[in-house]
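Trainee: Questions regarding the structure given below will be posed in turn.
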Amino acid sequence: MKIGIVLYPTFGGSGVVATELGLELAKMGHCIHFISYSQPARLDSFYENVYYHEVVVPEYPLFEYAPYETALTSKIVDVSLYENLDLIHVHYAIPHATSAYLAKMILKSKGKHVPFITTLHGTDITLVGKDSSYSPAITFAINNSDAVTTVSESLRIDTLKNFVITKKINVIHNFINNSLYEYKESDCIRKSTVPNGEKLITHISNFRPVKRIPDIIHAFHLIVKKIPSKLLMVGDGPERSNAEKLVRELGIEKDVIFIGKIKQSYNVLPCSDLYMLLSDSESFGLSALEAMASGVPVVSTNTGGLPEVQIQGETGFLCNVGDIEEIASRAVYILEDEDRLKTFKDNAKKHAQEFSIQKIVPRYEALYLSVIQ
């Protein structure tokens with residue numbers, strides 16, 4: 001098949017999943033055409049059967065905001081015609097699904113049928129999509145997609161609750177390339193971060209309010225009183241300055257390390273002992289799965305799709321949002337006993353195999369074939 005994949009090129013979950021999906025499909029012999037305004041972060045080399053098409057948005061004095069949706073629609077039409085695409089797969093509803101629908105209608109007028117699949121990833125439904133200014137267009141685009149998927153059952157339920165959807169929604173969970181998350185002593189950062197044998201606790205995010213960064217710091221403040229440990233904060237965003245200030249106020253600045261953004265989480269996670277993800281909402285929790293694939297147990301909130309990723313008491317623990325004392329207590333329980341920690345690590349790595357790219361991607365391939373046929 002010749003497949004066009006429309007995505008955001010950033011480090012966020014939807015862009016990572018879309019890129020990894022395309023690369024795996026290319027390995028399987030399909031021809032993949034990525035379409036975006038910038039080269040995807042994970043598309044960092046030459047790959048056989050993989051092509052990238054940049055959406056260029058002309059700037060005119062007439063426009064206060066450049067019309068990206070129009071430029072994207074035109075690019076989808078152009079690539080579909082000249083690369084003879086069989087299918088378009090758009091990741092994230094806004095504005096990709098509406099652009100794909102318009103492109104489909106333009107192509108139809110030219111005598112070419114190119115169906116499109118929409119994958120909903122989270123905030124396009126739970127946050128941005130609920131805005132009344134977007135809702136009618138998103139509802140229309142979802143209902144007129146040739147197929148619709150969500151990355152978790154929780155997100156499927158949220159979509160049906162927030163929109164009037166007449167289309168069947170298929171749940172295809174996010175996936176992980178497990179081979180990337182193997183411990184390599186030569187690449188491990190433990191020598192520099194925990195030189196005295198402390199436990200290494202990690203958090204990775206875009207530091208938005210929904211991630212509840214202060215909860216992570218307050219929980220760690222309780223943990224470090226009982227377990228010698230360091231907290232590695234990976235990423236950047238609007239909450240970072242306040243987080244650094246809070247760390248200083250609590251007097252734990254020597255135990256908390258902010259390293260900013262990194263391209264590949266698998267350079268950090270396999271060296272960790274525990275991962276914390278305490279969000280208000282997570283459509284799936286891809287970073288938690290990445291941690292588990294690295295053999296790292298997870299203490300997380302029990303919101304959104306996280307209960308679909310974790311096994312309570314085996315791969316880690318699920319706690320109520322904002323329950324700092326419970327979160328810290330669970331973390332200490334995992335870390336305080338070496339045999340127990342090893343059991344949790346082994347369980348996490350084993351369970352992550354259920355979300356392996358080899359198991360999940362064939363489900364997308366089967367969906368593609370059913371839509372084309």
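Trainee: Restrict the check to the stretch 222-233 and report whether at least one residue is at pLDDT below 95, in the same structural domain as Gly295 (by TED's automatic domain parsing), at negative phi and among the β-branched types (Val, Ile, Thr).
Mentor: no
Trainee: Next question, about the same structure. Just the residues that are among the aliphatic types (A, V, I, L, M) and not in a helix (DSSP H, G or I), please, taken from the stretch 131-158. Show your work before the answer.
Mentor: Narrowing the stretch 131-158 to residues among the aliphatic types (A, V, I, L, M): 137-138, 141-142, 147-148, 151, 155, 157.
Within the stretch 131-158, Ala147, Val148, Val151 meet the criteria.
Trainee: OK, next. Given the condition assigned to a loop (DSSP other than H, G, I, E, B) and under 18 Å from Asp124 (Cβ atoms), answer yes or no: does some residue in the stretch 285-301 qualify? I'd like the intermediate steps shown before the answer.
Mentor: Initial filter on the stretch 285-301 (assigned to a loop (DSSP other than H, G, I, E, B)): 285, 294-297.
Among the residues that remain, those that are also under 18 Å from Asp124 (Cβ atoms) are: 285.
Checked the stretch 285-301: at least one residue is assigned to a loop (DSSP other than H, G, I, E, B) and under 18 Å from Asp124 (Cβ atoms).
Trainee: For the stretch 191-200, which positions are outside any loop (DSSP other than H, G, I, E, B) and either in contact with a Lys or Arg (Cβ under 7 Å, 6 or more places away or on another chain) or surrounded by fewer than 17 Cβ atoms within 10 Å (Cβ to Cβ) (or both)? Before you say what the answer is, go through the steps one by one.
Mentor: Going through the stretch 191-200, the residues outside any loop (DSSP other than H, G, I, E, B) turn out to be 191-193, 199-200.
If the condition is that a residue be outside any loop (DSSP other than H, G, I, E, B) and either in contact with a Lys or Arg (Cβ under 7 Å, 6 or more places away or on another chain) or surrounded by fewer than 17 Cβ atoms within 10 Å (Cβ to Cβ) (or both), then Lys191, Ser192, Thr193, Leu200 are the ones that fit.
Trainee: Restricting the stretch 208-223 to residues that are surrounded by fewer than 21 Cβ atoms within 10 Å (Cβ to Cβ) and of a type in the set (A, V, I, L, M, F, W, C), which is farthest from Val332 (Cα to Cα)?
Mentor: Val210
Trainee: Here's a follow-up. Please count how many residues of the stretch 268-283 are at pLDDT 90 or above, within 16 Å of Gly304 (Cα to Cα) and of a type outside the set (D, E, K, R).
Mentor: 4
Trainee: Are any residues in the stretch 303-349 in contact with an Asp or Glu (Cβ under 9 Å, 6 or more places away or on another chain) and of a type in the set (Lys, Arg), and if so, which ones?
Mentor: Answer for the stretch 303-349, where residues must be in contact with an Asp or Glu (Cβ under 9 Å, 6 or more places away or on another chain) and of a type in the set (Lys, Arg): just Lys345.
Trainee: Hey, another quick one. Working carefully through the options Ile257, Ile252, Ile262, find the one that is surrounded by fewer than 19 Cβ atoms within 10 Å (Cβ to Cβ) and in a strand (DSSP E or B). If you could, list the steps in order and put the result at the bottom.
Mentor: Values: Ile252 fails: in a strand (DSSP E or B); Ile262 fails: in a strand (DSSP E or B).
After ruling out the rest, the residue left standing is Ile257.
Trainee: Could you say which residue among Leu155, Leu160 is assigned by TED's automatic domain parsing to the domain that holds Glu20, surrounded by 18 or more Cβ atoms within 10 Å (Cβ to Cβ) and either without any contact (Cβ under 8 Å) to a residue 40 or more places away in the chain or not acidic (Asp, Glu) (or both)?
Mentor: On the way: Leu160 fails: surrounded by 18 or more Cβ atoms within 10 Å (Cβ to Cβ).
Sole residue among the options that is assigned by TED's automatic domain parsing to the domain that holds Glu20, surrounded by 18 or more Cβ atoms within 10 Å (Cβ to Cβ) and either without any contact (Cβ under 8 Å) to a residue 40 or more places away in the chain or not acidic (Asp, Glu) (or both): Leu155.
The values are calculated or read from the model by the stated rules, or taken from the named source; none is laboratory data. If you're wondering where the values come from, they're calculated on a predicted model, not measured in any experiment. Quick reminder, even Gly has a Cβ in these numbers, built from the backbone with ideal geometry, and neighbours come from all protein chains shown.
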